[in-house]
């Protein structure tokens with residue numbers, strides 16, 4: 001699996017509940033990548049971990065053929081795990097869509 005890594009950041013200190021979620025959308029007609037990142041506060045961690053845990057990280061997401069389709073590279077780091085998945089536009093539904101929409105909304109100016 002290839003895609004953007006989480007930014008080079010120091011690992012969280014022992015006992016720290018650091019969460020980082022990075023979403024990068026590539027593809028489309030112009031091929032311009034868009035990035036959204038969220039680092040929720042400790043008091044919001046439980047809700048974000050629930051969103052992350054609902055995603056089927058171990059299932060392959062097959063792409064449907066077609067030109068100019070988006071691919072969503074989703075990377076999440078929690079105190080327990082570092083997960084990553086490339087999700088084609090055709091498979092961005094259910095828990096994947098909820099996670100991506102939450103990250104986009106949280107990182108909006």
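What list do you get for 52, 29 if you sort them by fewest beta carbons within 10 Å?
29, 52
Rounded, prolate or oblate: pick one for segment 65-109, where a ≥ b ≥ c are the square roots of the eigenvalues of its C-alpha gyration tensor, a/c under 1.5 means rounded, and failing that, prolate if a/b is larger than b/c, else oblate.
oblate
Tell me, 89, 80, 101 in order of fewest to most beta-carbon neighbours within 10 Å?
80, 101, 89
Rounded if a/c is under 1.5, else prolate if a/b beats b/c, else oblate: with a ≥ b ≥ c from the C-alpha gyration tensor eigenvalues square-rooted, which is segment 20-106?
prolate
Among 48, 57, 36, which comes first, second and so on when ranked by fewest other beta-carbon atoms within 10 Å?
Ascending number of Cβ neighbours within 10 Å: 57, 36, 48.
Bear in mind these aren't lab numbers, they're just calculated from the coordinates by the rules spelled out. Predicted, not measured: the structure shown is a model, and the values here were computed from it. Don't worry about glycine lacking a Cβ; one is built from the backbone with ideal geometry, like all the others, and counts go over all protein chains shown.
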